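Reviewing the structure listed below.
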Amino acid sequence: MVERDDTDRATGAPEIVHELADPGSLHPWDAEVALGDLIGVADRRPYPERLAEAREHAPGDEAVWTGRAAVGGTDCVIIASDYDFLAGTMGLAAGIRICRAFDRAVAERLPVIGLAASGGTRMQEGTPAFVQMASVAAAVRRLREARLPYLVYLRHPTTGGVLASWGSLGHLTFAEPGALIGLTGPRVITALTGESLPEGVQTAENLHAHGIIDGVVPRDELRAVLQTALAVLAPAAPEPPDAPILHLPEDAEIEAWEAVTRSRRVDRPGVRELFAACVTHITRLSGDGVGGRDDGCIAAIARVHGIPAVVVASDRPPGQRGASLTAAGYRTVRRAMGLADELDLPLVTIIDTAGADISVRSEEEGLAAEVARCLAELSALRVPTLSVLFGEGTGGGALALLPADRVVALEHSWLAPIQPEGASEILYRTTERARELAETQAVVSTDLRRFGIVDVVVPDRPQPGEEGEAFAARVAATAVTLLREIGSKDPATRIAERSRRWRRVAERFLDHPE
């Protein structure tokens, strides 16, 4: 952690804005919006004197800079706190500038980059300044309802009304190493309560560890991080698939226990190999955004063969079987679903899990409810959705990522209500009949295709003359083809067809009860 002290404050807005912006692309907005002493709040020094001194010594005439600039060739709106001006506090003029910037971004269809650094609400302007938090939060909401991206970078320090409004409402949020980030500053906490928070609680690193922010990014790396994210969020021509579309024949037969044992091999390629084969421009979500983080959950905005998408997966580290996600993991999945819907990006889910986490903590955090919410939200997303059954598919933990517009399965993947050993224990009070249960529960990819649960089965064994990882490229090529197909439909049609598709799984048995 970077050590900070009271003299180590954020630099002014002009410096960081110039660091990020392409040369010659800066266009400031609303510089004329400036106010004086409106209500005469009591202070150690008259407020007009403080304003005059701030305007003399700070690079700007208010605590926030707003304007338009290009970052790596992408036009953006930038909102930057100027800590040199009364500690970046948000008064009425700053609130007006911020709201106007968000509304202009909506009008011009531009993404917004927020660079916060502030002591919070400006005390010298009292409650009228305080309630600007509501106006600013509403302006951010209008941007998000317009399905425009908002990226936030929290600098040292960011506290109070700025953190609790535009500083905490980004689609993706990063922070400066060692930055002090908290609703109430440590000096005020001590004065009000007589106690201090434990050291390190209000730091960027601690918030990242708890899934509140998505990354701790040094200033000299921020431009590259923003460019990577904007490369996904800005329109781009998809790359053509570089692997043949190869599907398993309709009459293929797969032995269920072979699929189960193959999927459990610790040397079987997993999500990481798939990412290496076809996923670029990756910006990961660190957690659920509300205090939970599960490192077994991969959620990211990225390009899949050039197609911008949100990708979620259960990570199977090398040498291990499928991951088991916690309640925080499924909350992160739901966060990713929400981002896909808001940002109008297709959602790709990748399933390779031995089942949801079994622990006291997960039960107490409502794991079953989180699985249910994933199922409900996935069914209603307006954007194209694609699920890839990549390996193990056990229980509700796997099903939570499954009911998409289209489902691709690897040859030796499978889906079951519980691991075969568990089904054997339930039905026969022994795990010894697991193989028998696997064969009779219609768990393998070809059975899933026959019942309409899976659309396409992709061979996962190398073809003659191929390298071992080539199947990942085949999966990606198939995924891109299906994403293009479902992406051509309007959202209402897509949702209706998705609903009919999953109802049809049961209705098949009404039509053919034998």
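Within the range 327-339, restricting attention to residues that are surrounded by fewer than 24 Cβ atoms within 10 Å (Cβ to Cβ) and touching an Asp or Glu at 6+ places or on another chain (Cβ under 8 Å), which residue is nearest to Thr394 (Cα to Cα)? Of everything passing the filter in the range 327-339, Arg334 is nearest to Thr394 (Cα to Cα). Anything in the range 31-71 that is loosely packed, with under 13 Cβ neighbours inside 10 Å, at pLDDT 85 or above and either on the phi > 0 side of the Ramachandran plot or assigned to a loop (DSSP other than H, G, I, E, B) (or both)? List them, or say none. Within the range 31-71, no residue meets the criteria.
Within the range 340-387, which residues are part of a loop (DSSP other than H, G, I, E, B) and surrounded by 20 or more Cβ atoms within 10 Å (Cβ to Cβ)? It would help to see each step written out before you state the result.
Here is the first cut: in the range 340-387, the residues part of a loop (DSSP other than H, G, I, E, B) are 344-346, 354-359, 365-366, 381-384.
Once the filter is applied, which keeps residues that are part of a loop (DSSP other than H, G, I, E, B) and surrounded by 20 or more Cβ atoms within 10 Å (Cβ to Cβ), the range 340-387 yields Leu345, Pro346, Ala354, Gly355, Ala356, Asp357, Leu381, Val383, Pro384.
For Ser445, the requirement of being within 30 Å of Ser488 (Cα to Cα), in contact (Cβ under 8 Å) with a residue 24 or more places away in the chain and over 29 Å from the mean Cα position of the chain (by Cα) is met. The set of residues in the range 202-236 being assigned to a loop (DSSP other than H, G, I, E, B) and loosely packed, with under 15 Cβ neighbours inside 10 Å consists of Pro218, Pro235, Ala236.
Evaluate the following for Gly422: is it small (Gly, Ala, Ser) and crowded, with 23+ Cβ neighbours inside 10 Å? Before the answer, list the steps.
Values: small (Gly, Ala, Ser): yes; crowded, with 23+ Cβ neighbours inside 10 Å: no.
For Gly422, the condition - small (Gly, Ala, Ser) and crowded, with 23+ Cβ neighbours inside 10 Å - is not met.
Among residues of the range 175-198 that are over 18 Å from His156 (Cα atoms), none has a Cβ under 8 angstrom from a residue that is of a type in the set (Lys, Arg) and outside any loop (DSSP other than H, G, I, E, B) at a sequence gap of 6+ or on a separate chain. Scanning the range 388-406 for residues that are outside any loop (DSSP other than H, G, I, E, B) and within 20 Å of Arg501 (Cβ to Cβ) turns up Val388, Leu389, Gly393, Gly396, Ala398, Leu399, Arg406. Just one of the numbered conditions (1) out of contact with any Asp or Glu (no Cβ under 6 Å at 6 or more places or on another chain); (2) under 28 Å from His18 (Cα atoms) is not true of Val188: (2). The number of residues in the range 66-96 being of a type outside the set (S, T, N, Q) and more than 27 Å from Ala224 (Cα to Cα) comes to 10.
State whether the residues of the range 106-118 include one that is buried (at least 22 other Cβ atoms within 10 Å of the Cβ) and free of Cβ contacts under 8 Å to residues at least 40 places away in the same chain.
Residues of the range 106-118 that are buried (at least 22 other Cβ atoms within 10 Å of the Cβ), as a first pass: 111-118.
Filter again for free of Cβ contacts under 8 Å to residues at least 40 places away in the same chain, leaving 112.
Yes: the range 106-118 contains one or more residues that are buried (at least 22 other Cβ atoms within 10 Å of the Cβ) and free of Cβ contacts under 8 Å to residues at least 40 places away in the same chain.
Among the candidates Glu258, Glu250, which residue alone is modelled with pLDDT under 95, over 30 Å from Arg373 (Cβ atoms), of a type outside the set (A, V, I, L, M) and in a loop (DSSP other than H, G, I, E, B)? Don't jump to the end; show me each part of the working.
Working: Glu258 fails: in a loop (DSSP other than H, G, I, E, B).
That would be Glu250, the only listed residue that is modelled with pLDDT under 95, over 30 Å from Arg373 (Cβ atoms), of a type outside the set (A, V, I, L, M) and in a loop (DSSP other than H, G, I, E, B).
If I filter the range 401-408 for residues that are under 24 Å from Arg303 (Cβ atoms) and either out of contact with any Leu (no Cβ under 8 Å at 6 or more places or on another chain) or of a type in the set (Lys, Arg) (or both), do I get at least one hit? Taking every residue of the range 401-408 in turn, at least one turns out to be under 24 Å from Arg303 (Cβ atoms) and either out of contact with any Leu (no Cβ under 8 Å at 6 or more places or on another chain) or of a type in the set (Lys, Arg) (or both).
With the condition kept exactly as written, say whether any residue in the range 55-67 is touching a His at 6+ places or on another chain (Cβ under 8 Å) and under 23 Å from Thr173 (Cα atoms).
Within the range 55-67, the first condition is being touching a His at 6+ places or on another chain (Cβ under 8 Å), and the residues that meet it are 67.
Restricting the remaining residues to those that are under 23 Å from Thr173 (Cα atoms) gives 67.
Checked the range 55-67: at least one residue is touching a His at 6+ places or on another chain (Cβ under 8 Å) and under 23 Å from Thr173 (Cα atoms).
Identify the residue in the range 274-290 that is surrounded by fewer than 18 Cβ atoms within 10 Å (Cβ to Cβ) and not polar (S, T, N, Q) and, among all such residues, is nearest to the chain's Cα centre (by Cα). Per the criteria, the residue is Arg284.
Screening the candidates Arg293, Arg331 for the property of being at pLDDT 90 or above, assigned to a helix (DSSP H, G or I) and either at positive phi or within 13 Å of the chain's Cα centre (by Cα) (or both) yields one hit, Arg331. Does the range 293-305 contain any residue that is surrounded by fewer than 20 Cβ atoms within 10 Å (Cβ to Cβ), farther than 29 Å from Gly72 by Cα and not hydrophobic (A, V, I, L, M, F, W, C)? Looking through the range 293-305, at least one residue is surrounded by fewer than 20 Cβ atoms within 10 Å (Cβ to Cβ), farther than 29 Å from Gly72 by Cα and not hydrophobic (A, V, I, L, M, F, W, C). If I filter the range 80-98 for residues that are of a type in the set (S, T, N, Q), buried (at least 22 other Cβ atoms within 10 Å of the Cβ) and part of a helix (DSSP H, G or I), do I get at least one hit? Scanning the range 80-98 turns up no residue that is of a type in the set (S, T, N, Q), buried (at least 22 other Cβ atoms within 10 Å of the Cβ) and part of a helix (DSSP H, G or I). Summed over the range 468-503, the residues that are assigned to a loop (DSSP other than H, G, I, E, B) and either at pLDDT 85 or above or under 16 Å from Ile307 (Cα atoms) (or both) give a count of 3.
The values are calculated or read from the model by the stated rules, or taken from the named source; none is laboratory data. Just so you know, these numbers come straight off a predicted model, no measurement behind them. With ideal geometry, Cβ positions are generated from the backbone for all residues, glycine too; neighbour counts draw on all protein chains shown.
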